[in-house]
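The values are calculated or read from the model by the stated rules, or taken from the named source; none is laboratory data. Everything numeric in this text was worked out from a predicted model, so none of it was measured. As a convention, Cβ positions derive from the backbone with ideal geometry for all residues, glycine included, and neighbour counts pool all protein chains shown.
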Amino acid sequence: MNKSLLSGWRPSDIMNDFSKSLRLVGDRRVPLVLKLILPLGALVYWFVPIDLIPGLPIDDIAVLLLAMRLFVSLGESAVQKTADASGEDSQKSNGPVVDTTWQVMDK
């Protein structure tokens with residue numbers, strides 16, 4: 001899924017990016033540097049008293065949303081590269097994956 005960084009700014013898209021970013025933070029295939037730089041950089045900007053628009057949190061929210069969108073984009077591409085390098089199937093399933101064991105029984 002290659003969507004532009006400028007598309008998908010509906011509340012549902014933002015919530016989708018938020019859930020993806022939480023999943024990617026816990027994924028071992030996403031580099032630690034990426035996990036630290038973008039989220040922490042956005043949080044530092046939120047708490048630093050220097051603002052582009054003083055008094056209103058509009059610029060702070062915009063920086064957080066852009067950082068989250070960029071983190072999801074870069075994180076998903078890192079996961080995809082890891083999956084391609086390891087030979088995993090790059091096609092996504094249509095539903096949730098249930099991890100289980102099975103055994104063939106002869107009649």
Legend entry - Any chance residue 53 is of a type in the set (A, V, I, L, M), more than 10 Å from the chain's Cα centre (by Cα) and under 20 Å from residue 9 (Cα atoms): no
Inset, instruction - Scan 27, 51, 106 and give me the residue that is in contact with a Gly (Cβ under 9 Å, 6 or more places away or on another chain), among the charged types (D, E, K, R) and assigned to a loop (DSSP other than H, G, I, E, B). - result: 27
Inset, instruction - State the number of residues belonging to region 45-62 that are surrounded by 10 or more Cβ atoms within 10 Å (Cβ to Cβ) and free of Cβ contacts under 8 Å to residues at least 12 places away in the same chain. - result: 9
Legend entry - Given (1) more than 14 Å from the chain's Cα centre (by Cα); (2) modelled with pLDDT of 80 or more; (3) loosely packed, with under 10 Cβ neighbours inside 10 Å, index of the condition residue 7 fails: (2)
Inset, instruction - Would you be able to say whether some residue in region 23-35 is among the β-branched types (Val, Ile, Thr), at pLDDT 90 or above, on the phi < 0 side of the Ramachandran plot and surrounded by fewer than 15 Cβ atoms within 10 Å (Cβ to Cβ)? - result: yes
Inset, instruction - Can you tell me which residue within region 71-96, out of those that are in a helix (DSSP H, G or I) and exposed (fewer than 15 other Cβ atoms within 10 Å of the Cβ), is modelled with the lowest pLDDT? - result: 86
Inset, instruction - Please find, within region 26-41, the residue that is farthest from residue 77 (Cα to Cα) out of those that are of a type in the set (A, V, I, L, M) and in contact (Cβ under 8 Å) with a residue 40 or more places away in the chain. - result: 34
